[in-house]
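Below you'll find the structure, written out as structure tokens, and then a few comments.
The values are calculated or read from the model by the stated rules, or taken from the named source; none is laboratory data. Computed from a predicted structure; not experimentally measured. Positions of Cβ are backbone-derived with ideal geometry, glycine not excepted, and every protein chain shown enters the neighbour counts. Heavy atoms of the whole protein, side chains included, go into the accessibility calculation; ligands, DNA and RNA do not. Shrake-Rupley method; radii C 1.70, N 1.55, O 1.52, S 1.80 Å.
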Amino acid sequence: MTEPVLTLDGLSVRFPGSEPAVADLSLTVAPGEVLSLIGESGSGKSTTLHAIAGLLPPEAKVSGDMRLAGRDGNLFAPDMDRQGVAGRQIAMIFQNPGASLNPVLTIGAQLDEVVRAHRAVSRTEARAVTEELLDAVGLPRTGPQAKDWSRAYPHQLSGGQKQRIAIAAALVGDPALLLADEPTTALDATVQAQILDLLLRLVDERGIAIIFVTHDLAVAASIGDRIVVLKDGTAQEEGRAQQIIKSPSAAYTARLVAASLPFTKEAGAGHDQMQSASDSDALILDNIHRSFAARGGGRVQAVGGVSLRVNPGEIVGLIGESGSGKTTLGRIAVGLEQADLGRVSIGFSPLDFERDRQAIQMVFQDPLACFNPRQTVLGAIGHPLRCLRGLKRAAIRKAAYGLLEDVGLDPALGDRQPHQLSGGQLQRAAIARALAAGPRFLVCDEAVASLDVSIRAQVLELLDRLRIRDGLGLLFISHDLGVVQRIADRTVVMRHGVEVEAGPTAALLSAPKQPYTRQLLASVPSGERPWRAARAAVTKDGRRPGA
Amino acid sequence: MPEAKSKVSPSRAARFAVFLFQRVVQAIPVLILVAIGVFGLLELAEGDAVDAYLAGIGAGDAGLAAELRDRYGLGDGLGSRFLTYSTRLVQFDLGYSIAFSRDVSTVILERLPNTLLMMISAILLSASIGVILGGIAAMRKGGPLDAGITFGALILNATPGFWLGLLGIILFAVKLRWLPIGGLSTLDADYGPVRATLDVARHLVLPVFTLALTYLALYVRLMRGAMIEVGESGWVLAARARGVPERQVVLRHIGRPALLPVVTMIGLQSGTLLGGSVVIETVFSIPGLGALAFEAVSQRDLQLLAGILLAGTLLVVFVNIIVDLAYGLLDPRVRLGAGEIA
């Protein structure tokens with residue numbers, strides 16, 4: 001066995017005044033190996049990466065032993081000189097590729113700077129290295145997709161392009177170890193596939209080892225050779241990736257595997273609909289058009305003639321990549337945006353949002369962002385009760401407590417401020433608030449995307465219960481095919497503002513008719529088939545998985 | 001920088017022209033409103049230039065007053081005076097100053113350079129020192145240096161400008177005799193152009209520093225807060241992870257984005273360019289616009305006052321166009337015509 005690139009022994013990290021973020025964590029990474037570090041929020045996985053990279057704030061107390069191949073001494077020792085480690089031995093890429101680039105500098109300037117930090121070269125030579133690196137990450141200066149990338153500013157690039165540039169910056173110093181902190185979480189499925197592919201190519205071509213931090217079990221299993229499962233700062237389980245997801249030995253891992261909803265080709269979904277599907281009750285979006293003023297003049301069409309129907313007691317999944325217009329369509333459905341053309345109606349009567357506001361409500365992605373931080377949860381839920389249902393004080397309190405119980409929250413939580421609740425609790429409170437208006441339809445815009453898998457399962461269960469009990473119709477907007485597959489009766493695929501394909505979820509996802517849908521499905525890491533093996537198999541005939 | 005644009009595409013130049021044109025057009029209603037407002041405000045004031053003149057010479061009868069009012073067009077009704085006022089403005093004629101017996105525009109243009117020179121130097125000096133001190137304080141956040149800088153700036157902020165100016169005069173002009181007591185240039189001196197410039201600069205040192213020090217706290221706090229905020233952003237962490245030297249992290253990745261609020265504040269402060277200097281101009285006997293405005297008020301020279309206010313408005317509009325352009329230089333996201341990449 002070759003010498004590991006990194007050996008971590010007994011790492012503990014503690015921030016003043018709180019429980020240890022990481023406790024006694026040991027791991028090793030071999031050259032050319034991909035180690036997936038998986039855990040839910042607060043498990044200490046990002047803290048571990050920051051400790052390895054030496055990026056923890058000074059107040060954090062770090063203990064343990066960290067050894068790098070080709071370097072003497074424990075890098076966690078207090079007086080240890082980390083000179084030449086950052087960027088040269090260890091590089092790092094981050095979750096939000098937009099935030100990891102300085103918005104006021106060109107791409108070229110930012111890459112040149114890193115090149116000059118690690119190599120003694122002139123400005124012109126640095127730019128040549130930069131162009132070379134951009135080419136290596138798939139942003140070429142010449143050829144069919146050529147653009148002058150180095151003169152672009154971050155805001156002119158897409159998320160995937162920015163992540164490629166962050167990878168290019170990480171490659172400058174020829175590091176032996178790349179730390180990847182949820183690098184694809186903020187990206188669309190097809191772009192995620194391309195980035196994972198690029199990372200694995202670097203592993204194959206340059207022998208770089210990667211520690212890949214993610215909360216997504218399917219991604220972890222697809223890219224990782226080995227997986228370490230973290231919970232509350234301690235390792236629960238470690239082993240070969242396939243073995244972990246097929247037969248987890250730790251109870252926590254088993255729960256994680258059970259709660260994760262990977263997209264699979266086979267699994268049929270959908271429930272028996274409560275078919276009262278007469279037109280008189282359904283939410284009908286008819287030929288909706290909406291365009292926005294674009295930067296520098298002109299207009300961009302966000303939604304270009306989409307028709308959609310949600311029956312009471314039915315869950316309709318709306319999937320598509322960012323920019324496909326799915327969110328705009330959802331906002332039009334609840335009256336947050338006005339359609340330029342087309343009609344929103346329930347049954348045969350067009351919706352007048354001044355009057356019928358309570359008929360359709362919305363649940364947003366980030367629960368913390370959609371609560372007033374200075375208002376108690378009960379106050380937030382009481383607002384629609386007062387404004388839309390005209391209740392008085394005592395009645396509001398009673399109804400609000402009832403709603404909290406409905407969504408499975410302890411009514412005592414109602415007197416707390418939003419930030420005192422966990423993400424899952426708050427999202428349930430957000431659902432309670434949406435229900436307070438007494439809606440017949442809910443639009444859920446990525447409502448479970450920011451939740452940990454175990455909590456996600458609870459929220460999905462809640463939504464399904466409301467569907468059955470109250471006959472609520474749901475328009476479920478999501479980029480997560482695994483979730484849509486489990487929950488939606490019918491699914492609509494959107495791209496560039498138009499409908500690509502629609503149909504019963506099981507049929508659509510198991511036998512897509514349109515090439516775009518097929519491409520979308522292919523790019524989802526299932527976790528069942530290791531990405532690396534698949535890559536090795538297909539690179540022979542020149543194709544890449546997910547391409 | 002190597003990526004500096006060597007050629008300006010015609011579309012970019014065209015966009016720039018469109019931007020300037022739009023801003024100038026936007027300024028017109030502002031100027032009209034200010035002109036009307038100025039006229040209305042001055043109408044509300046008790047007494048006119050003739051009252052002030054008669055009070056000044058100590059005597060006069062109703063006949064003389066009426067004759068003078070007639071001569072200066074002060075006896076007409078409100079409507080006709082507004083008509084005269086607005087007709088003159090459209091012709092860029094600011095009127096005639098009774099107190100100085102000269103055209104208002106001549107009087108203003110004579111004083112304008114003095115005030116501009118002093119105020120612009122003071123604001124730029126204040127912003128520069130503030131940016132540096134605020135940056136140092138942010139980097140040493142919570143340390144003794146941070147506390148010292150913040151406290152010092154606060155003390156200066158709380159000190160009245162005239163008092164600071166008087167202290168400066170006593171110390172540097174009277175005791176040490178390094179600098180002149182007041183005025184803008186040495187009288188009766190026949191210097192060449194170089195010595196004359198240096199002479200003006202020597203006279204400006206005390207007033208400019210006095211003004212700059214009173215503004216300093218604002219810029220220190222602004223820069224400190226912005227640096228701390230930017231320091232927590234993702235690209236700073238990413239730059240450190242890439243091994244970018246700390247010096248560059250601070251200057252390029254923290255300092256430069258943090259300049260944006262400072263530039264905004266310079267634009268806002270330009271509004272005080274004219275008014276904020278009355279006290280300092282008085283303390284240092286500088287013949288500037290602030291002192292002029294004071295005289296105009298005390299002499300009830302309403303045409304002069306209106307002219308000064310309008311000149312001030314023009315200046316603010318002009319400075320804000322410059323600030324918007326500077327914003328584009330600092331932040332490519334608001335740059336004119338920032339769109340597709342090449």
Enumeration of residues in segment B:135-158 that are surrounded by 15 or more Cβ atoms within 10 Å (Cβ to Cβ) and within 22 Å of the chain's Cα centre (by Cα) | B:ALA153, B:LEU156, B:ASN157
Residue check, A:SER150 among the small types (Gly, Ala, Ser) and either open to solvent by 30 Å² or more (accessible area, probe 1.4 Å) or in contact with a strand residue (DSSP E or B) (Cβ under 9 Å, 6 or more places away or on another chain) (or both) | no
Among what's in segment A:20-53 and is at pLDDT 90 or above and acidic (Asp, Glu), pick the residue that is surrounded by the most Cβ atoms within 10 Å (Cβ to Cβ).
-> A:GLU33
Cβ pairs under 6 Å, 6+ apart or interchain, first in segment A:116-137 and within 30 Å of A:VAL191 (Cα to Cα) and at the interface with chain B (Cβ under 10 Å from one of its Cβ atoms), second polar (S, T, N, Q) and not in a helix (DSSP H, G or I), ordered by first then second residue, are none
Would you check if there is a residue in segment B:231-247 being at pLDDT 90 or above and farther than 25 Å from A:LEU171 by Cα?
-> no
Restricting attention to segment A:406-441, which residues are aliphatic (A, V, I, L, M) and either in contact with a Lys or Arg (Cβ under 9 Å, 6 or more places away or on another chain) or more than 20 Å from A:LEU388 (Cα to Cα) (or both)?
-> A:VAL407, A:LEU409, A:ALA412, A:LEU413, A:LEU421, A:LEU426, A:ALA436, A:ALA437
Can you tell which of A:ALA434, A:ALA447 is within 29 Å of A:LEU230 (Cα to Cα) and either without any contact (Cβ under 8 Å) to a residue 40 or more places away in the chain or in contact with a strand residue (DSSP E or B) (Cβ under 8 Å, 6 or more places away or on another chain) (or both)?
-> A:ALA447
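From the list B:PHE92, B:PHE100, which residue is buried (at least 17 other Cβ atoms within 10 Å of the Cβ) and outside any strand (DSSP E or B)? Give the derivation first.
Details: B:PHE92 fails: buried (at least 17 other Cβ atoms within 10 Å of the Cβ).
Selected residue: B:PHE100, the only one of B:PHE92, B:PHE100 that is buried (at least 17 other Cβ atoms within 10 Å of the Cβ) and outside any strand (DSSP E or B).
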Restrict the check to segment A:74-84 and report whether at least one residue is under 23 Å from A:GLY32 (Cβ atoms), in a loop (DSSP other than H, G, I, E, B), within 14 Å of chain B (Cβ to nearest Cβ) and open to solvent by 30 Å² or more (accessible area, probe 1.4 Å).
-> no
For segment A:114-156, which residues satisfy the criterion of being more than 22 Å from B:GLY243 (Cα to Cα) and assigned to a loop (DSSP other than H, G, I, E, B)?
-> A:GLY138, A:LEU139, A:PRO140, A:ARG141, A:THR142, A:GLY143, A:PRO144, A:GLN145, A:ALA146, A:LYS147, A:ASP148, A:ALA152
Please report, ordered by residue number, the helices (runs of 4 or more DSSP H) entirely within segment B:173-274 with at least 3 residues that are away from chain A (no Cβ under 14 Å).
-> B:193-231, B:256-269
Return a yes/no flag: does segment A:456-466 have any residue that is under 18 Å from the mean Cα position of the chain (by Cα) and open to solvent by less than 10 Å² (accessible area, probe 1.4 Å).
-> yes
Just name the residue that is nearest to A:HIS479 (Cα to Cα) out of those in segment A:171-200 that are within 14 Å of chain B (Cβ to nearest Cβ) and open to solvent by less than 10 Å² (accessible area, probe 1.4 Å).
-> A:PRO183
Which condition does A:ASN102 not pass, out of (1) surrounded by fewer than 18 Cβ atoms within 10 Å (Cβ to Cβ); (2) within 11 Å of chain B (Cβ to nearest Cβ); (3) among the polar types (S, T, N, Q); (4) outside any helix (DSSP H, G or I), if it passes all the others?
-> (1)
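Can you find, within segment A:350-373, the residue that is least open to solvent (accessible area, probe 1.4 Å) among those that are free of Cβ contacts under 8 Å to residues at least 12 places away in the same chain and farther than 22 Å from A:ARG416 by Cβ? Steps first, please.
Applying the first criterion (free of Cβ contacts under 8 Å to residues at least 12 places away in the same chain) to segment A:350-373 yields A:350, A:352, A:354-356, A:369.
Filter once more, keeping what is farther than 22 Å from A:ARG416 by Cβ: A:350, A:352, A:354-356.
On the way: A:PRO350: 64, A:ASP352: 61, A:GLU354: 165, A:ARG355: 150, A:ASP356: 32 Å².
Among those that are free of Cβ contacts under 8 Å to residues at least 12 places away in the same chain and farther than 22 Å from A:ARG416 by Cβ, it is A:ASP356.
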So is B:SER277 out of contact with any strand residue (DSSP E or B) (no Cβ under 8 Å at 6 or more places or on another chain), part of a helix (DSSP H, G or I), among the small types (Gly, Ala, Ser) and surrounded by fewer than 23 Cβ atoms within 10 Å (Cβ to Cβ) or not?
-> no
Complete set of residues in segment A:376-398 that are open to solvent by less than 60 Å² (accessible area, probe 1.4 Å) and free of Cβ contacts under 8 Å to residues at least 40 places away in the same chain | A:LEU378, A:GLY379, A:GLY390, A:LEU391, A:ALA395, A:ILE396
Only one of these conditions is not met by A:HIS155: (1) surrounded by 21 or more Cβ atoms within 10 Å (Cβ to Cβ); (2) touching a residue at least 40 places away in the same chain (Cβ under 8 Å); (3) closer than 23 Å to B:PRO257 by Cβ. Which number is it?
-> (1)
Based on what the data block shows, is A:ASN311 under 30 Å from A:GLN519 (Cα atoms) and over 29 Å from the mean Cα position of the chain (by Cα)?
-> no
Taking B:PRO287 as the residue in question, decide whether it is more than 14 Å from every other protein chain (Cβ to nearest Cβ) and outside any helix (DSSP H, G or I).
-> yes
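In segment B:139-172, which residue that is in a helix (DSSP H, G or I) and of a type in the set (S, T, N, Q) is nearest to B:VAL236 (Cα to Cα)? So that I can check it myself, show each step before the final result.
Of all residues in segment B:139-172, those in a helix (DSSP H, G or I) come to B:139, B:144-158, B:161-172.
Of the ones still in play, those that are also of a type in the set (S, T, N, Q) are B:150, B:157.
Working: B:THR150: 24, B:ASN157: 32 Å.
Taking the candidates together, the pick is B:THR150.
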Among the residues of segment A:158-170, count how many are open to solvent by less than 10 Å² (accessible area, probe 1.4 Å) and either of a type in the set (D, E, K, R) or within 10 Å of another protein chain (Cβ to nearest Cβ) (or both).
-> 3
